[in-house]
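The block underneath contains the structure these notes are about, expressed in structure tokens.
The values are calculated or read from the model by the stated rules, or taken from the named source; none is laboratory data. Not measured: the values here are computed from a predicted model. Please note: Cβ atoms are built from the backbone with ideal geometry, for glycine as well, and neighbour counts cover all protein chains shown. Just so you know, the surface numbers come from the protein's heavy atoms only, side chains and all, with ligands and any DNA or RNA stripped out. Shrake-Rupley method; radii C 1.70, N 1.55, O 1.52, S 1.80 Å.
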Amino acid sequence: MKLPFNLLGRKPWADGVEAGFDWRAYLDRYPDLVAAGIDDRRGAIRHWRQFGRWEGRSAGPRSSEISGLMTCISARSMFLRAWGTVGCWDDAGAELELQRFDPEIDYARDVYLGPPFATIRAALRDNVMPFPDTCSHCACLRTDGADTPDPAERRVMELFEAEPSYRCSLDCPGCVRRDVRRHAPLPHDLRPEALAKVLGDLAAAEGEIRGFSFQGHGEPTASPHLAALAEIVKTAYPGGYLAVATNCQAAVSPALTSCGIDEFVCSVDGVDQASFEPYRIDGDFALARRFMADLCRSRERGALIRVVWRYVLFEHNDRDQQLERLAEIADAIGVDAVVLVFTQNGPASRRLRHPADLPKWAGAVPVEARWVGPSTLELARRIDLAREAAADGRRGEAAALLASVARLVERFWPAVDRLTTDEARVVNALSDELARLPEMG
């Protein structure tokens with residue numbers, strides 16, 4: 001497609017990570033990764049590229065001990081909604097409008113380096129939540145930050161995420177429900193000229209963007225412009241790594257595998273129709289399997305893409321026989337990796353709560369594990385910080401921290417009878433501190 005103006009390319013990170021990436025420090029900083037079996041350089045890099053940067057984790061060398069400073073991916077990334085609005089980030093802050101689409105402004109100078117993001121960074125530097133009501137139940141805010149250079153000063157963006165479409169043919173319980181989608185602003189598909197405008201401004205400012213993602217609250221393949229959007233990313237940042245998260249309810253076309261998308265993260269939570277449709281309501285497992293297989297076969301024709309099978313563990317898909325079948329299908333299709341996701345929400349698995357509960361993996365395809373929601377380490381740290389704040393007489397700060405833990409527990413750990421030992425320890429500590437807080441008044 002012909003772009004409305006020239007876009008300047010920028011050199012990406014080598015190997016998908018920043019020069020000087022300290023993988024040992026990354027694993028030391030986040031022990032939950034080691035618990036999930038990620039214990040070497042390759043695994044650390046892969047995790048940061050696929051998940052860590054989306055979760056707001058730090059990829060920089062650990063130059064000092066964690067100080068308890070607040071940090072958030074929203075301060076160093078950008079989330080472009082399907083209708084052109086820049087949202088806070090793709091979690092609780094998705095509905096927070098930082099900037100309405102405006103073709104007359106400069107998205108580098110006036111937005112990312114300007115007041116909308118400066119406000120967020122200033123609040124985090126002061127160790128307060130930028131948007132308390134929203135931040136308190138958002139999984140992106142973290143308290144493991146260290147003093148690091150301002151991303152605005154370095155003109156660095158960790159991740160640029162765009163929502164190609166707000167439309168979706170499924171009605172998954174953990175996502176935006178179908179009856180809500182119709183009330184969203186128009187257009188429901190991101191216009192190529194809007195993406196070109198935003199990325200053009202960022203590239204012209206000689207800003208570095210370390211990763212690109214197409215996902216959001218809709219299904220990317222529902223957009224009729226998906227290939228064109230990918231080509232815009234690759235024109236602006238020729239070496240940029242672009243990942244797409246999809247429910248695989250589409251057909252694979254030559255345009256889809258040749259437009260520059262580097263990785264497809266395929267959310268397919270089942271090994272047959274019976275185990276797939278309880279969560280992926282109105283979904284077709286045969287179609288999803290064919291989508292993944294066609295992606296892998298496209299590599300025989302020269303497509304340079306990575307295919308990841310993302311499998312959320314639920315009550316209806318967590319049997320040993322089903323996981324054995326998952327390994328068989330993954331090997332037969334030829335995906336590059338399987339990611340097993342642990343969750344407390346929805347019809348969550350009762351028998352599999354931790355990687356140690358998993359049966360021996362029967363496949364040749366590498367398997368990884370991750371969790372949905374904040375780690376027990378993060379919530380325990382907030383309770384410790386609240387305890388320190390209360391002891392220093394900062395009751396308001398203590399109350400805000402405890403309230404954030406309570407809201408995250410309610411959101412991500414709703415089933416008290418399914419808590420792991422570590423989760424139960426956090427809930428008990430939270431209860432103790434909430435009970436003590438009035439006594440300190």
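The condition of being among the basic types (Lys, Arg), surrounded by fewer than 18 Cβ atoms within 10 Å (Cβ to Cβ) and modelled with pLDDT of 95 or more holds for only one of Arg280, Arg301, Arg297, Arg310, that being Arg297.
Is at least one residue of segment 130-153 open to solvent by 40 Å² or more (accessible area, probe 1.4 Å) and either of a type in the set (A, V, I, L, M) or within 21 Å of Ala245 (Cα to Cα) (or both)? For segment 130-153, residues open to solvent by 40 Å² or more (accessible area, probe 1.4 Å) and either of a type in the set (A, V, I, L, M) or within 21 Å of Ala245 (Cα to Cα) (or both): absent.
Right, Gly239: under 27 Å from Asp91 (Cα atoms), in contact (Cβ under 8 Å) with a residue 12 or more places away in the chain and small (Gly, Ala, Ser) or not? No: the conditions fail for Gly239. Against the criterion of being of a type outside the set (A, V, I, L, M, F, W, C) and over 30 Å from Leu96 (Cβ atoms), Ser253 qualifies. Which is part of a loop (DSSP other than H, G, I, E, B), touching a residue at least 12 places away in the same chain (Cβ under 8 Å) and of a type in the set (A, V, I, L, M, F, W, C), of Ala251, Ala228, Ala203? After ruling out the rest, the residue left standing is Ala251. The set of residues from segment 101-129 being surrounded by fewer than 17 Cβ atoms within 10 Å (Cβ to Cβ), among the aliphatic types (A, V, I, L, M) and under 14 Å from Cys88 (Cα atoms) comprises just one member, Ala118. I'd like to check something: does segment 404-411 contain any residue that is open to solvent by less than 20 Å² (accessible area, probe 1.4 Å) and in contact with a strand residue (DSSP E or B) (Cβ under 9 Å, 6 or more places away or on another chain)? Within segment 404-411 (the criterion being open to solvent by less than 20 Å² (accessible area, probe 1.4 Å) and in contact with a strand residue (DSSP E or B) (Cβ under 9 Å, 6 or more places away or on another chain)), the answer is no, since none of the residues qualifies.
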